[in-house]
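The structure appears right after this line, and notes come after that.
The values are calculated or read from the model by the stated rules, or taken from the named source; none is laboratory data. These numbers were taken from a predicted model, which means no experiment stands behind them. Because the Cβ atoms are built from the backbone with ideal geometry, glycine has one as well, and the counts that use them run over all protein chains shown.
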């Protein structure tokens with residue numbers, strides 16, 4: 001059975017996958033879309049070994065074509081959000097070009113398989129990134145808002161509250177109190 005393995009663009013994940021594939025003597029190549037393609041059909045025994053070995057690291061092989069496509073869309077979104085200069089670029093165009101898919105098709109496929117829209121997924125990812133930035137203590141709320149391409153700190157705080165139940169300022173106060181109590185111990 002010939003497979004295409006999706007992986008996060010993280011170097012460590014890629015190295016783990018390479019190591020496990022090489023252990024089984026399987027030939028592979030990289031696609032430009034963040035996937036490893038197995039060059040030959042592999043028997044079900046080797047496939048199951050590879051699947052179990054990768055599972056030990058929390059890496060899943062997507063065997064369903066729709067799941068593979070959804071993972072590719074998520075990976076493209078993560079990549080897009082990781083580069084501030086991409087914010088000058090339209091995300092729908094980025095996904096279409098990166099994955100060579102019609103955006104409407106990609107959006108419908110994503111929604112059908114995840115039960116949320118691409119836009120909702122992006123908001124969740126941005127808020128996740130904002131929390132990390134807030135925890136670092138390196139950025140003001142205004143800087144975070146603009147780094148995450150919000151039109152204003154108020155818009156950012158509104159979305160933050162909608163997702164977390166707290167305003168960004170309330171979240172920061174909780175972090176400060178926690179850090180203060182940790183430093184006392």
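Summary table below
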| read-out | value |
| --- | --- |
| So residue 99, is it buried (at least 16 other Cβ atoms within 10 Å of the Cβ), in contact with a helix residue (DSSP H, G or I) (Cβ under 7 Å, 6 or more places away or on another chain), under 30 Å from residue 67 (Cα atoms) and touching a residue at least 60 places away in the same chain (Cβ under 8 Å) | yes |
| Test for residue 81: is it modelled with pLDDT of 75 or more and surrounded by fewer than 18 Cβ atoms within 10 Å (Cβ to Cβ) | no |
| Hey, residue 72 on the phi < 0 side of the Ramachandran plot and modelled with pLDDT of 90 or more or not | no |
| Residues being modelled with pLDDT of 75 or more, more than 18 Å from residue 55 (Cβ to Cβ) and touching a strand residue (DSSP E or B) at 6+ places or on another chain (Cβ under 8 Å) - total across region 1-27 | 1 |
| In region 109-147, the residues that are in a loop (DSSP other than H, G, I, E, B) and either touching a residue at least 40 places away in the same chain (Cβ under 8 Å) or more than 16 Å from the chain's Cα centre (by Cα) (or both) | 115, 137, 138, 139, 140 |
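Residue by residue, here is whether (1) more than 23 Å from residue 79 (Cβ to Cβ); (2) at pLDDT below 95; (3) in contact with a strand residue (DSSP E or B) (Cβ under 8 Å, 6 or more places away or on another chain) holds:
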residue	(1), (2), (3)
120	no, no, no
132	no, yes, no
157	yes, yes, no
178	yes, yes, no
